[in-house]
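Take a look at the structure set out below.
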Amino acid sequence: MKTTHRDVARIIREKGEAVAFTGAGISVESGIPAFRGGQGLWERYDPMEYAHISAFMRNPAKVWTMLREMGDVILRSTPSPAHMALGGLEKAGLLRAVVTQNVDGLHQLAGNTNVIEYHGSHRRTICVGCGRTGAFTEESMRTMPYPVCERCQEALKPDVVFFGEQIPSSAMLRAGHEALACRVLIIVGTSGVVYPAAEIPFAAKANGATVIEINVEPTPYTDAVTDHFLQGSASEILPAILDELGFARA
Ligand code: OAD
């Protein structure tokens, strides 16, 4: 029988200790296009030319044309109903953490306090020379051809993980811990194709978690690890689950 949002609400209530694992699909209704398919960033920009650290080091000015566009969209965005529902779940004591591949900072704005940013944050800059971090601001985007570090004059980049870069070790450790600690893993809006992030649901499942997946279409997880697949928009399904549980959004 097809799982409904009511069944999922019951599972979350009964098992508790849920963790959300999110991707770009949760931010689509915040006005941030996903990476793959349709309006996806990687349909317009070749990631090897615009999102690989070697490409950035070779030509920061070129890569900043894309970073400016992305930064502008992120700074103007606000949390979607799906983000707000996850904020509400934490407030209700039913969500212990959010592990996100997103770099938009919207989970924090929706009230989640234990957010593990696996791919870093576009709301910070980092100097490729000395590692100094700062806020990503309108000024970061206005500076031509690209912003540089006040201290060492090397290029600044958003503090996001580019292809060819390591995942921050603290994010990796904390995400690994949450994958083992959760009793329910809620996968939301990710294509599940970028590793090592994509391993997280496999680790949770191997440790006995019930895996719920919310996506507009099936993914590589759906047949491999998902116990209950809810097809549709995260911004409709997550608020419906929270309503069913009788809690308000954050
Ligand atoms: P993708 O763009 O690969 O996938 C977005 C997923 O969201 C797809 O499976 C869509 O079907 C789904 N989706 C779209 N709209 C949705 C909606 N309203 N509700 C629910 N689901 C929806 O994005 P990610 O999986 O997040 O990494 O991509 C993973 C990583 O690849 C990103 O973190 C980024 C990228 O390269 C780096 O930049 C390192």
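Taking the options Ala240, Ala203, name whichever one is aliphatic (A, V, I, L, M), over 17 Å from Ala24 (Cα atoms) and within 14 Å of the ligand (Cβ to nearest atom).
On the way: Ala203 fails: within 14 Å of the ligand (Cβ to nearest atom).
It is Ala240.
Pick out the one residue from Lys15, Lys2 that is more than 8 Å from the ligand (Cβ to nearest atom) and free of Cβ contacts under 8 Å to residues at least 60 places away in the same chain.
Values: Lys15 fails: free of Cβ contacts under 8 Å to residues at least 60 places away in the same chain.
None of the other options fit; the residue is Lys2.
Within the range 187-197, does at least one residue satisfy the condition of being away from the ligand (no atom under 13 Å from the Cβ) and not basic (Lys, Arg)? No. Applying a threshold of 8 Å to beta carbon distances and a minimum spacing of six or more residues, or different chains, the list of pairs starting in the range 161-183 at a residue that is assigned by TED's automatic domain parsing to the domain that holds Val103 and more than 12 Å from the ligand (Cβ to nearest atom) and ending at one that is open to solvent by 70 Å² or more (accessible area, probe 1.4 Å) and not basic (Lys, Arg) reads Ala179/Asn207; Leu180/Asn207; Ala181/Glu17; Cys182/Glu17; Arg183/Glu17. Among the residues of the range 34-56, those identified as more than 10 Å from the ligand (Cβ to nearest atom) and of a type in the set (A, V, I, L, M, F, W, C) are Met48, Ile53, Ala55, Phe56.
Ala82 fulfils the conditions (1) within 16 Å of the ligand (Cβ to nearest atom); (2) of a type in the set (A, V, I, L, M, F, W, C); (3) surrounded by fewer than 20 Cβ atoms within 10 Å (Cβ to Cβ) except for a single criterion, (3).
Restricted to the range 182-214, and to residues that are open to solvent by 30 Å² or more (accessible area, probe 1.4 Å) and small (Gly, Ala, Ser), which residue is nearest to the chain's Cα centre (by Cα)? Out of the qualifying residues, it is Ser191.
Only one entry in Val98, Val128, Val148, Val103 is touching a residue at least 40 places away in the same chain (Cβ under 8 Å) and more than 20 Å from Ser235 (Cα to Cα), namely Val128.
To keep it simple, each residue is scored yes or no on (1) in the same structural domain as Glu17 (by TED's automatic domain parsing); (2) more than 26 Å from Pro196 (Cα to Cα); (3) open to solvent by 10 Å² or more (accessible area, probe 1.4 Å).
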site	(1), (2), (3)
Ile53	no, no, yes
Val63	no, no, no
Arg68	no, yes, yes
Leu86	yes, no, no
Arg96	yes, no, yes
Thr100	yes, no, no
Gly131	no, no, yes
Gly134	no, yes, yes
Thr143	no, yes, yes
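Do we have Gly31 as of a type in the set (Gly, Ala, Ser), within 16 Å of the ligand (Cβ to nearest atom) and touching a residue at least 40 places away in the same chain (Cβ under 8 Å) here? For Gly31, the condition - of a type in the set (Gly, Ala, Ser), within 16 Å of the ligand (Cβ to nearest atom) and touching a residue at least 40 places away in the same chain (Cβ under 8 Å) - is met.
The values are calculated or read from the model by the stated rules, or taken from the named source; none is laboratory data. What you are looking at is a predicted structure, and each value in this text was computed from that prediction instead of being measured. Heads up, the Cβs are rebuilt from the backbone with ideal geometry, glycines too, and the neighbour counts pull from every protein chain shown. These area figures cover heavy atoms from the full protein model, side chains too; ligands, DNA and RNA do not enter into them. Shrake-Rupley method; radii C 1.70, N 1.55, O 1.52, S 1.80 Å.
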